[in-house]
Amino acid sequence: MNCGKLYFTLERKANPYEEDQLNGLWGSIQINYEYLGLTENILDWEWDINEVIEWFDEAEGILAIKNLNVLNDGNKSIAELRNLGYERFFFFSEDEQYLYYKELEECFSDYKFHLRGTPTQIYYIGLNNGEGELSYFCREQKVYKRYCFNMDEFLESTKETLLNFR
């Protein structure tokens, strides 16, 4: 799979919620993907930039080393594999069902990126078959979107971007 470049673009903005001026770091949050000279804007939202900082601080150590440990012979995206896990409907007991879903969520939680409190997509970012990947289910088009990138470059550019907001 040919890979492009995934990166965040963050910009401080005035908080439109006057009562919340002391809490948060309001701004524009974008996730962009460059491939063959074209840039696609995957996410464009105004929200608390601290959401990105907190996610990255928790995920940074995992992103570079945790490869998806799920049978993936069909070369499916992380988002698709997660959703396929929920298609199982037969269990011998409620305990088995509870443990199955608990393990499923634990497996994919390290890959999850979402701006809490927003209706934005849930994105899955991580290593899949050894390559960086961002994937999600596009509700409008009813398809899985998948973007391949160099994980080390993504981690470095995100670190650099976040330095301006710490």
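The values are calculated or read from the model by the stated rules, or taken from the named source; none is laboratory data. Not measured: the values here are computed from a predicted model. Heads up, the Cβs are rebuilt from the backbone with ideal geometry, glycines too, and the neighbour counts pull from every protein chain shown.
Annotations
- All of (1) loosely packed, with under 15 Cβ neighbours inside 10 Å; (2) modelled with pLDDT of 85 or more; (3) farther than 15 Å from LEU134 by Cβ hold for GLU34 with one exception: (3).
- Members of segment 126-157 found to be more than 22 Å from SER77 (Cα to Cα) and surrounded by 14 or more Cβ atoms within 10 Å (Cβ to Cβ), listed by number: SER157
- Checklist (1) closer than 23 Å to LYS5 by Cα; (2) touching a Gly at 6+ places or on another chain (Cβ under 7 Å) applied to LEU104, failing item: (1)
- Candidate set: segment 10-30, residues that are under 30 Å from MET151 (Cβ atoms) and loosely packed, with under 14 Cβ neighbours inside 10 Å; chosen: the one modelled with the highest pLDDT: GLU11
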